[in-house]
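The values are calculated or read from the model by the stated rules, or taken from the named source; none is laboratory data. Predicted model, so just to flag it, every value in this text is computed and none were measured. Methodologically, a virtual Cβ is constructed for each residue, glycine included, from the backbone with ideal geometry; neighbour enumeration extends over all protein chains shown.
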Amino acid sequence: MSDAWRREYDPDAEHVVGGLPPHVVAEVERLARELAVLGRDATEVGAGHQLRNLTFLDVGLLYFLPVPSQQLIAVVRVTWAG
């Protein structure tokens, strides 16, 4: 089994980043890649900042759910006031 984590939009990219400017989507992708590199340590990012079991990283806001059992970073919501 690989130790590499993956990242996905949940439910899909259209629902999470659809309609956002390309530079915002590129930043979300960059952050999601970095979270996947962190792997299990991503569960500590944003510690103390949780909403209904979703950890969030205040960068716009990017809401993600680390799923250690699936080695997955699920990006579930992005808000941007631009």
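How do the strands (runs of 3 or more DSSP E) wholly within segment 18-82 filter down when requiring 3 or more residues that are hydroxyl-bearing (Ser, Thr, Tyr), modelled with pLDDT of 95 or more and under 14 Å from ARG7 (Cβ atoms): which remain?
Details: elements: 54-57, 62-67, 72-78.
By residue number, no strands (runs of 3 or more DSSP E) qualify.
If you check every pair at least six apart or on different chains, which have Cβ atoms under 7 Å apart with a residue in segment 1-12 that is at pLDDT 95 or above first and a residue that is part of a loop (DSSP other than H, G, I, E, B) second?
Going by the 7 Å Cβ cut-off, the qualifying pairs are TRP5/GLN71; ARG6/GLN71.
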